[in-house]
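Data block below; observations after.
The values are calculated or read from the model by the stated rules, or taken from the named source; none is laboratory data. All values derive from a computational prediction rather than experimental measurement. Backbone-built Cβ (ideal geometry, glycine too); neighbour counts: all protein chains shown. We work out accessible area using only protein heavy atoms, side chains counted, and drop any ligands, DNA or RNA first. Shrake-Rupley method; radii C 1.70, N 1.55, O 1.52, S 1.80 Å.
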Amino acid sequence: MATMATGAMGGQNWRVIVVGGHTRSIGKTQLVCDVIATFPEANWVAGKITQYGHGVCAQNGENCDCAPDEHICAISWEKRADRGTDSARFLAAGARRSFWLRTKQGFLAEGMPLLREALALRQTDGNGESANLILESNTLLQFVRPSLYLMVVHPGKADFKESAHLQIARASAFVLREQLPGNHGPGKPPAWTGVPLQLLRAKPQFLQREGEPLPGGLAQTVREMLGPNSSAPGIRL
């Protein structure tokens, strides 16, 4: 399926931030929450996109006897901010609306019409104010050219997935959970191998250890994207 083109949807443009990372449990969801909380006026629609492996049903994220081409995708809008799910955390951080899109592994293309249909109904809030979109996903870049792609990198986590390696060139900036060696200090050598540090150093980097506030430089990057004179393209979904 072709990458989506820049343009308008319903007469308006989405500003889209995608947050990804090279492995699990490195604070991708927290980064989404940090951005939302730092810019509550942005009227965020936030979403998490999950692809499940073999034997897991996209309808509920549980083991299922459905065939590989059954129950391939589902989307649900979060109603409460106190349930402890990632989509609930987005609401708690200040998002106006939040959803969770689930697909079976390899079926994200089939989930995209669900996403488009859902977002067509959520383009504005009740006052007609245009929303901005922030998505946690490692695979959405197959279909979307976001206004900003933030890639979370943890040098202490050895698992650097091949799919993430392929996304390095598309990153707008890297959010580091630990300092890289040579970046304003000694730092430790990364636990992963096969990813030359010069690939990361070719893009802006922001150090944000987990639990720390959004770095000023990263906040400025997001602010420039959201600003009225921003040159970041809107995205047609």
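Taking the stated definitions as given, is Leu91 of a type in the set (A, V, I, L, M, F, W, C), modelled with pLDDT of 90 or more and either open to solvent by 20 Å² or more (accessible area, probe 1.4 Å) or over 25 Å from Arg209 (Cα atoms) (or both)? Yes; evaluated as a whole, the condition is true for this residue. Restricting the first member to segment 173-191 and to residues that are over 15 Å from Phe160 (Cα atoms) and open to solvent by 30 Å² or more (accessible area, probe 1.4 Å), and the second to residues that are of a type in the set (Asp, Glu) and at pLDDT below 95, the beta-carbon pairs closer than 8 Å and six or more apart or on different chains are Gly187/Glu178; Lys188/Glu178. Of the listed requirements (1) modelled with pLDDT of 85 or more; (2) more than 17 Å from Val18 (Cβ to Cβ); (3) open to solvent by 40 Å² or more (accessible area, probe 1.4 Å), Gly217 misses just one: (3). With respect to Gly128, is the statement that it is surrounded by fewer than 21 Cβ atoms within 10 Å (Cβ to Cβ) and at pLDDT 90 or above true? Judged against the criteria, Gly128 is not a match. Figure legend. Inter-residue proximity from segment 134-161: first residues touching a residue at least 24 places away in the same chain (Cβ under 8 Å), second residues acidic (Asp, Glu) and surrounded by fewer than 21 Cβ atoms within 10 Å (Cβ to Cβ), beta-carbon distance below 8 Å, spacing 6+ or different chains. Indicated pairs: Glu136/Asp86; His154/Glu178; Pro155/Glu178; Gly156/Glu178. Taking first residues from segment 94-110 that are in contact (Cβ under 8 Å) with a residue 40 or more places away in the chain and more than 13 Å from Ser137 (Cα to Cα) and partners that are aromatic (Phe, Trp, Tyr) and assigned to a helix (DSSP H, G or I), the Cβ contacts under 9 Å between residues at least 6 apart in sequence or on separate chains come to Arg97/Phe90; Ser98/Phe90.
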